[in-house]
Amino acid sequence: MNTLLEISGLHLNAGKFALKNINISMARSDYFMVLGPTGCGKTLLLETIAGLYMPAGGAIILQGRDITRLPPEQRSIGLAYQDSLLYPFLTVKENILFGSRGRGKAGDPQIRRHLEQLVEAMNISGLLDRYPAGLSGGERQRVSLARAIVKRPPLLLLDEPLSALDPRTRGAMQELLRQIHLREGLGIIHVTHDFTEAMQLGTCMAVLKNGAIEQRGAPCDIFFHPATVYVAGFLQGENLLAGTILTINGRRWFRQDNGPLLFGPLPLDCGAAIADNPGSQKRKMLIRAGNLRLGRQPPESANSISWTASVSRIALNRTHADVYCHGSGNWQASLSLARWRELQLSAGERVNLWVNPENLHIIPEN
Ligand SMILES: Nc1ncnc2c1ncn2[C@@H]1O[C@H](COP(=O)(O)OP(=O)(O)OP(=O)(O)O)[C@@H](O)[C@H]1O
C-alpha cells in the first residue's frame, strides 16, 4: 500500500475525555470514514490530526514525515467543518484564497490556475465576487471546501460536511466529494454519524466508541459483519437475536432464547466469535433485513431455515419496503419495491420467512 497517513498509538487527554490508542493507516486512494455517535471523539480526532491539540502519546506520520509535534500551518492538511465560518467582509474569492494570502501565495500562478479549475468543477465560479451573507447552505459548504483544498493538501479532513444540507443538495455534494477525491488525488478523512453516508462514500471505515476505535474495515464488511453489539446497534442491525451456540454432531447451531428457532448449521466463517470460543455460550446473531427473505410459499432450497409469521406493518421507502412481522419473535425484512408490488402484502397476513445459513452472523454477547 502506498501509505499516505499512519497514526499509531495516539492518545489525547481533553478534560475528562480521552482518545485512546488510535491506529489508522490509509493510502492516498482511500476515502476514510470515521463514524460514531455524538460525543465519541470524532471532532477531537480530526483536530488532533490537524494539529489543534497536542497528543499525550503516539505518532502521526504524513507522507513519511513525522508531524506529531508540528504546528497546524506546517502540516499540509485541509480541514473543513460542517459550519465552517466564512469571513463576512471578504468576497467568496478572498475567502477561498485567505490562507494562501496569509502565506503570500495568493498571487502564485499555480494556485490561481487551480482556483479556476476548482470553482468551475464545484460550480461556484459565478459566486466569486459575492459576500457570504447571501449564500445558501450548499453554496457556503462548497466555498469552505474550496478553501480547504485550494492549496492541494495531500490530506483533507471533513467534519460532518453534509449534515446541514437538504437531501438533494447532500446527494450533489456527495458526488462532488467523490470527484474531488478522484480528480485531486487527495486522501480524505470524513467524520459523520450517518452510516448511510459512510457506506455511500467510504472505501474504509472506523467506528468510534468513547474515544477508541471499536471496529475498522471495509464499510460493506462492517455492515454485514459487525464485531460487537455496539457496532451492530449503531449500524441499525435489524434482526439481532439473543441465543446460545450449541454443538450437535460436531456442527454448530444457534438456538434462539425464548423461542423455538434453531439456526444452522453455522458456516465456519459466520463470525470469529465462535471459532475463538466454542461451547454453549451466550451470543447475539444478526440477520440483516436485506438477507431475510419473505414469501407466501416456503423456500425452495432445503438449506434455508424457515418459519412463519404475520405481517404487522409495512413501511415504504424510496428504494425498498420494510416489512415488519411477528411470529417466533419480531422481524424486519427488506423487499425491493418490485418484489413488494408483486406480493401485494397486507397487514395481518401469514407469510413464510427464511434465511440462508451463509447470511447468519454471530457476535459475542458483550
Ligand atoms: N477542548 C476540550 N476540552 C475538554 N473536553 C472536550 C474538548 N473538546 C471536546 N471535549 C469533549 O470530548 C468529547 C468528544 O467531543 P467531540 O467533539 O470530539 O465529539 P464528536 O464525536 O465530534 O461529537 P458530535 O458528533 O456531537 O460532534 C465530548 O464529551 C466533548 O465535550
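The numbers here are math on the coordinates, done by the rules we state, and not lab data. What you are looking at is a predicted structure, and each value in this text was computed from that prediction instead of being measured. All Cβ positions, glycine included, derive from the backbone under ideal geometry; neighbour counts span all protein chains shown.
Note on K16: lysines with a C-alpha under 19 Å away, same-chain residues under 8 apart excluded, are K42, K209.
Shape call for region 202-343 from the C-alpha gyration tensor, a ≥ b ≥ c root eigenvalues: rounded (a/c under 1.5), prolate (a/b greater than b/c) or oblate? Oblate. Computed from the C-beta positions of E73 and N21, the FRET efficiency with R₀ = 25 Å rounds to 0.35. Taking 16 Å as the straight-line reach from the Cα of K20, the aspartates and glutamates in range (excluding those fewer than 8 positions away in the same chain) are E6, E47, E214. A straight line joining the Cα centroids of region 141-165 and region 238-269 runs 46 Å. Put +1 on the Cβ of every Lys and Arg and -1 on every Asp and Glu Cβ in region 185-307; which of L262, M199, G217 then has its Cα farthest towards the positive end of the dipole? The residue sitting farthest along the positive end of the dipole is L262.
For L155, what is the net charge nearby, where nearby means another residue's Cβ is under 14 Å from its Cβ and Lys, Arg count +1, Asp, Glu -1? Walk me through the numbers on the way to the answer.
Numbers: positive: R28, R65, R75, K151, R152; negative: E6, D30, E47, D159, E184.
So the environment of L155 carries a net charge of 0.
Working from Cα pairs under 8 Å separated by at least six residues, relative contact order for region 238-363 is 31 percent.
Pick out, from L157, I248, V229, the residue whose Cα sits farthest towards the positive end of the charge dipole of the chain, with +1 on the Cβ of Lys and Arg and -1 on the Cβ of Asp and Glu. Sorting the options by dipole projection puts first L157.
The residues packed around G211, meaning those with a beta-carbon under 11 Å from its beta-carbon, carry a net charge of +3 if Lys and Arg are +1 and Asp and Glu are -1. Taking a straight line from the alpha carbon of K93, these lysines sit under 18 Å away, with near neighbours fewer than eight places off in the same chain left out: K105, K151. Its Cα centre serving as origin, region 238-363 has a Cβ charge dipole (Lys and Arg +1, Asp and Glu -1) of approximately 140 debye. For region 3-232, a simple Cβ point-charge model (Lys and Arg +1, Asp and Glu -1, everything else neutral) yields a dipole of about 500 debye relative to the Cα centre.
Averaging sequence separations of C-alpha pairs under 8 Å and six or more residues apart, then dividing by the length of the chain, give the relative contact order as a whole percent. Don't skip to the answer; put the middle values down first.
Working: 721 pairs, mean separation 57.4, N = 366.
Once divided by the residue count of the chain, the mean separation gives 16 percent.
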